[in-house]
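Written below as structure tokens is the structure these notes are about.
Read-outs throughout are calculated quantities, based only on the coordinates presented, and are distinct from any laboratory measurement. Computed from a prediction, not measured in an experiment: that's the story for all the values here. Neighbour counts are summed over all protein chains in view; Cβ atoms, including those assigned to glycine, are modelled from backbone coordinates with ideal geometry.
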Amino acid sequence: MSTDETTRVRLDKWLWAARFFKTRALAADAIESGKVEVNGERAKRAKQLQVGDSLRVRLGPYHHIISVLAVSEQRGPASVARTLYEENAEGRKARKRYRFRSRRRSRTPVTMEAGRPRKTGARSRSSDGREWADRQAAPGSASELYLRAQLHDTVRRDSVERRCRPRIS
């Protein structure tokens, strides 16, 4: 091995050794799909990386802006991999902002019912989760007329039952 080979390493090998990707194949796919830039330019996986190069790596929604501090062809523990690069403060801030925004978006109130759902509870609910009694229909719509007829039948049935019941004195 000459000294030139120890100071340079393939891009896909370095990304794998620095633990940005689990396998070299995943690293190669990311490079080919344009998710990795070396010194502001799109690169191929065989690009020789050296100390001082700057990388922009996109992993999911996050962008890592890093500079290469050391090169390695061997994958080691995470503590060793962390010494291979230094992350730019700009990249850290952007990731933190994105994490904060996505956390705020995911805070939606969740209502949980007690116990497991029962058949009668499922029947009494409409498709949008509201109780039938709470349901408001648009005036003049077919559903409003249906609900009125249902209510009218219930009231009429109750009054007929009251009239037909024998009075106990």
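Label-point separation (nm) for L59 and R75, each offset 7 Å from Cα along Cα-to-Cβ?
The answer from the label model is 1.3 nm.
Report the gain in length on full extension from E32 to K93: 0.36 nm times residue separation, minus Cα-Cα distance, nm rounded to one decimal. Intermediate results must be reported in sequence, preceding the final value.
Values: separation 61, 0.36 × 61 = 21.96 nm, distance 2.68 nm.
So the extension gain works out to 19.3 nm.
Using every alpha carbon pair in region 28-75, what percent of pairs falls into each 10 Å bin from 0 up to the bin containing the largest distance?
26, 59, 16
Can you return the lysines within cross-link range of K44? Criterion is Cα-Cα under 23 Å, with same-chain partners fewer than 8 residues away left out.
Partners within reach: K13, K22, K35.
Quick one: if the Förster radius is 25 Å, what FRET efficiency do R101 and R24 give, using the C-beta to C-beta distance and rounding to 0.05?
On the way: r = 33 Å, r/R0 = 1.31.
Computed FRET efficiency for R101 and R24: 0.15.
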